[in-house]
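Read through the structure below, which is laid out as structure tokens, and then see the notes.
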Amino acid sequence: MRSSTDRRDQRVRVGAVSYLNSKPLIEGLAESVPEARLTLDFPSRLADGLARGTLDVALVPSIEALTDPDYEIISDACVAACGPVLSVKLYFRKAPGDVKSLALDEGSRTSAALARVMLAERFGVEPRIEKFTLESRIEDTSADAVLMIGDRAMLPPEIPFVEEWDLGEEWLRWTGLPFVFALWVGRQGSDLGKVDMALAAARDLGVASIPRIAERESALMGLPLAVVDTYLRRHLHFTMGSAERQGLKLYHSLASKLGLAPANRTVRFCERSVERRASRRPATVNA
């Protein structure tokens, strides 16, 4: 934990995802919390920054909440889906049961692990893994299956595939639970000032501002306004409730079976009262 002297000299370092799906979580965040320094980057890079200590709080792939026993989920603001998510796609050149090689988008470790879990659990397939870099195009790999995430997954591929999975839809169909793709994580005992409250307030503002966000982002991305608005309003939700926690618990259990997440690790949720009492009373989900 940083000392009070350090807090005067250094702002809380907050890292957020640069994808469209995070925009409702960070709307107005930099202005409402001037004591925070906001950085936008890819999910896997934010996770690395949190692990190295170059970030104090980060919106990271959900699997990263399990990698360090000192991590805790500091807000109920999240990126989740209960059905098709549109921005996490697994494309197949062969039938899922025949897949021998899998190219994984390096942008998110959660979606990469989810793809591997679903192939192993549903088809008994554990393919050879290939890296699919952030700069790669889908035609650059000859892997039997290719995972794409984020904004580039929202555009249809220019080459044909025999099958396509939307992983949010497939997870719901298989488990009956929503899936949490990203959440806010910090370290237990860290002095975060009012950042935890600001994250929830930014989410509330962002959800109320989706029409404006959609108009702005559709112009920047070159996508139809209706597509962006529907994506943010209908395909995603941004609050973690009990069903999302149960989905996270099941995901961790399945990922740990494949060695993709630590076994016997507790997912820790930091709960604060309305009065923001100094003492923390974390609720945990044992996974």
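The values are calculated or read from the model by the stated rules, or taken from the named source; none is laboratory data. Keep in mind that what you see is a predicted model, and the values were worked out from it rather than measured. Here the Cβ is made from the backbone with ideal geometry for all residues, glycine too, and neighbour counts use every protein chain on show. With ligands, DNA and RNA removed, areas are computed over all heavy atoms of the protein, side chains included. Shrake-Rupley method; radii C 1.70, N 1.55, O 1.52, S 1.80 Å.
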Next on the checklist: Under a crude label model (7 Å from the Cα following the beta-carbon direction), how far is residue 159 from residue 197 in nanometres?
Outcome noted: 5.3
Next on the checklist: For the chain, what does the relative contact order come out to in percent, with C-alpha contacts under 8 Å and a separation of six or more?
Outcome noted: 27
Next on the checklist: Please list, by residue number, every one of the GluC sites (Glu not before Pro) in the stretch 43-137 that is coil in DSSP and has at most 16 other beta-carbon atoms within 10 Å.
Outcome noted: 135
Checklist entry - Beyond 31 Å, what share of the Cα-Cα pairs of the chain remains, rounded to the nearest whole percent? => result 26
Checklist entry - Within the chain, what percent of beta bridges assigned by DSSP are antiparallel, to the nearest 5? => result 65
Item to check | Exposure of residue 76 as accessible area (Å², to 10), given a probe of 1.4 Å and all protein chains | outcome: 60
Next on the checklist: From Cα pairs below 8 angstrom and at least 6 apart in sequence, can you work out the relative contact order of the stretch 100-243, rounded to a whole percent?
Outcome noted: 19
Item to check | trypsin sites (Lys or Arg not before Pro) within the stretch 177-213: DSSP coil, no more than 15 neighbouring Cβ in 10 Å | outcome: 194
Item to check | residue 131 versus residue 31: modelled label distance in nm, points set 7 Å from Cα along the beta carbon direction | outcome: 4.0
Checklist outcome for this item: Whole-Å distance linking the alpha carbon centroid of the stretch 75-94 with that of the stretch 112-177 is 10
Item to check | Derived scalar couplings ³J(HN,Hα) [the stretch 126-138; Karplus, 6.51 cos²θ - 1.76 cosθ + 1.60; whole Hz; x for Gly, Pro] | outcome: 10, x, 5, 9, 10, 7, 10, 6, 5, 8, 6, 9, 5
Next on the checklist: Quick one: 3J(HN,Hα) in Hz for the stretch 191-199, Karplus 6.51/-1.76/1.60 with θ = phi - 60°, rounded, Gly and Pro as x.
Outcome noted: 8, 9, x, 9, 4, 4, 5, 5, 5
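Measure off, as a whole percent, the carbon and sulfur share of the 1.4 Å-probe accessible area of the chain, all protein chains present.
Values: 6210 of 12700 Å².
Heavy-atom surface of the chain belonging to carbon and sulfur, 1.4 Å probe: 49 percent.
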Checklist entry - Which cross-chain or sequence-distant (5 or more) residues have an amide H under 5 Å from the amide H of residue 134, H modelled 1.01 Å from N in plane? => result 106
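Using a 1.4 Å probe, what is the accessible area per residue for the stretch 98-171, in Å²?
Numbers: 3290 Å² over 74 residues.
Here the residues of the stretch 98-171 average 44 Å² of exposed surface.
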Checklist entry - What percent does the relative contact order of the stretch 148-232 come to when contacts are Cα pairs within less than 8 Å and at least six residues apart? => result 13
Checklist outcome for this item: From DSSP H assignment alone, runs of 4+ in the chain each adding -39500 (n - 2.57), the sum over residues rounded to the nearest 500 puts [θ] at 222 nm at -9500 deg cm²/dmol
Next on the checklist: For a quick check: with amide H placed at 1.01 Å from N, whose amide H comes under 5 Å from residue 239's, ignoring anything fewer than 5 positions away on the same chain?
Outcome noted: 78
